[in-house]
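Contents: one structure, followed by commentary.
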Amino acid sequence: SNGNLTGELPRKWCVLRNLYEVDFEKNKLIGSLPLEYGNLSGLHFFVVSNNEMSGTLPTVWSNIPQISRLELASNNFTGEVPEEWAVWTNITILDLAKNSGLSGVLPVELLTTAQNNGGAVSLNGTNIITK
C-alpha cells in the first residue's frame, strides 16, 4: 500500500497481541508511535519508514520482547532513544536514519545486540551518537 495510507496508526490494534508484522513504509502517515503498541508482545517487525510521523520514541515499547526489526527512518521523530530499549535481545535492524530531531546517546546494548545478531543500526541524518 505504498503511498495510499493517511492518518494515524490505529491504537485499537493493541489488542492484537499476536500481531507479527506492521509494514506501512512509504505512505503519508502522521502522528506519533502509539504507546499502546507496547502491549504487542508478538510483534517482530515494525516498519513505518518514509512517512510524516513525529513525536518521541515511546519508552513503553521496551515491553515488546520479540522485536527484531524496527525501521523508523525518514520521519520527524524527536528526542532520545529510550535507554529501556536496551533490553531487546532479538534486535537485528534498527533504522532511525533521517530523523534530524533525534539526539542523545544510543544505548550501547542496542548497537552490540544488533551487530551480534548479524544486523545493523542506521543513524545517518540524526544527532544520535554512539559510545
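The values are calculated or read from the model by the stated rules, or taken from the named source; none is laboratory data. All of these numbers come straight from a predicted model, not from anything done at the bench. Glycine also receives a Cβ, built like all others from the backbone with ideal geometry; neighbour counts cover every protein chain displayed. The area values use the complete protein model at the heavy-atom level, side chains included, leaving out ligands, DNA and RNA. Shrake-Rupley method; radii C 1.70, N 1.55, O 1.52, S 1.80 Å.
Observations
- Applying the criteria of a DSSP loop state and at most 14 other Cβ atoms within 10 Å to the chymotrypsin sites (Phe, Trp or Tyr not before Pro) of segment 20-103 yields Tyr20.
- Distance histogram in 5 Å bins (all Cα pairs of segment 48-107, percent per bin): 4, 19, 30, 28, 16, 2
- All lysines inside 25 Å of Lys28 as judged from Cα atoms, apart from same-chain residues fewer than 8 positions distant: Lys12, Lys98
- Here the 3J(HN,Hα) profile of segment 34-42, calculated from phi with Karplus coefficients 6.51, -1.76 and 1.60 at θ = phi - 60°, is x, 4, 4, 5, x, 8, 7, 5, x Hz, Gly and Pro shown as x.
- Mean Cα-pair separation over length for the chain, i.e. relative contact order, pairs under 8 Å, 6 or more apart, %: 18
- Heavy-atom accessible area per residue - the chain, 1.4 Å, Å²: 49
- Karplus (6.51, -1.76, 1.60) ³J(HN,Hα), θ = phi - 60°, over segment 89-106, in Hz, Gly and Pro reported as x: 9, 9, 5, 10, 10, 10, 10, 10, 4, 6, 10, 5, x, 7, 8, x, 10, 6
- In the chain, the portion of solvent-accessible area held by carbon and sulfur atoms comes to 48 percent [1.4 Å probe, whole percent, DNA, RNA and ligands not counted].
- Convex hull (Cα only) mean projected area of segment 1-102, reported in nm² to one decimal: 5.5
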